[in-house]
Amino acid sequence: MLLIKKIAVYINIVNCSLIKYFAKELTRNGINLTPEQYLVMDILWDAEVMSQQAIADIIQKDKNSVTKFIDSLEKKGLVYRQVNKTDRRVNNIVVSEEGMKLKAKTTEVAIGMMRNVLKNIKEEDLMALDKVMNQIKENIDEAEKEA
C-alpha cells in the first residue's frame, strides 16, 4: 500500500476507534454524553457562553448537526439557549449549573482515556505528532481556500 494511502487509512481508523473507545468510557463511567456532545460541552465549559455558529466553526460541523447536539444537551438540562441581546437572530448557548457539575468528572475520564491511548509513546514522539497534525490541518485549510 502506498504510504500516503496508508496514512489516510490510519487517520480514519484511529479517529473512528478513538470515538468508539471514548463512547464506551463515558458510558462505563455513568456519563450520559456522546463523544460529540462532550466536544460541545468541553468548548462551553471553557467559554461558558458561545453562539451556535461559533461552536459549529470550532468543531467543524454544519449548523444543523450542532442544532441537534444542542437540542439533546438542552433536553438533558446541561445547556440552555439565550437570545443574543445585540442580535436577536443569534442564539447563545449557555452551560447550566447542572452542565457545570459534569465538568470535573467528565474531564477526568477524557484525560484518563487519552493517557491510556498515548501510554508508552515518548514525549518527543508526541510533540512530533502534534507538529505533523498541525501541519496537516494547515494544509487542509490552505487547500480548501484554493478550491
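State which residue is nearest to ARG115 (Cα to Cα) when the search covers only the stretch 11-31 and only residues that are loosely packed, with under 11 Cβ neighbours inside 10 Å and not basic (Lys, Arg). It comes out as ASN15. If you go through the stretch 40-56 and keep only what is in contact (Cβ under 8 Å) with a residue 12 or more places away in the chain, assigned to a helix (DSSP H, G or I) and not acidic (Asp, Glu), you end up with VAL40, MET41, ILE43, LEU44, TRP45, GLN52, GLN53, ILE55.
Only residues that are in a loop (DSSP other than H, G, I, E, B), within 16 Å of LEU102 (Cα to Cα) and of a type outside the set (Gly, Ala, Ser): list them for the stretch 1-39, please.
Once the filter is applied, which keeps residues that are in a loop (DSSP other than H, G, I, E, B), within 16 Å of LEU102 (Cα to Cα) and of a type outside the set (Gly, Ala, Ser), the stretch 1-39 yields ASN29, ILE31, ASN32, LEU33, THR34.
Checking each residue in the stretch 106-143 for being under 24 Å from LEU44 (Cα atoms) and β-branched (Val, Ile, Thr) picks out THR106, THR107, VAL109, ILE111.
Does the stretch 92-147 hold any residues that are among the hydrophobic types (A, V, I, L, M, F, W, C), outside any helix (DSSP H, G or I) and touching a residue at least 24 places away in the same chain (Cβ under 8 Å), and which are they?
ILE93, VAL94, VAL95, LEU102
Does at least one position in the stretch 75-84 carry a residue that is modelled with pLDDT of 95 or more, in contact with a strand residue (DSSP E or B) (Cβ under 8 Å, 6 or more places away or on another chain) and either in a loop (DSSP other than H, G, I, E, B) or among the polar types (S, T, N, Q) (or both)? Looking through the stretch 75-84, at least one residue is modelled with pLDDT of 95 or more, in contact with a strand residue (DSSP E or B) (Cβ under 8 Å, 6 or more places away or on another chain) and either in a loop (DSSP other than H, G, I, E, B) or among the polar types (S, T, N, Q) (or both).
The values are calculated or read from the model by the stated rules, or taken from the named source; none is laboratory data. Just so it is clear, the structure is predicted and the values come from calculations on it, not from any experiment. Cβ atoms come from the backbone with ideal geometry, glycine included; neighbour counts cover every protein chain shown.
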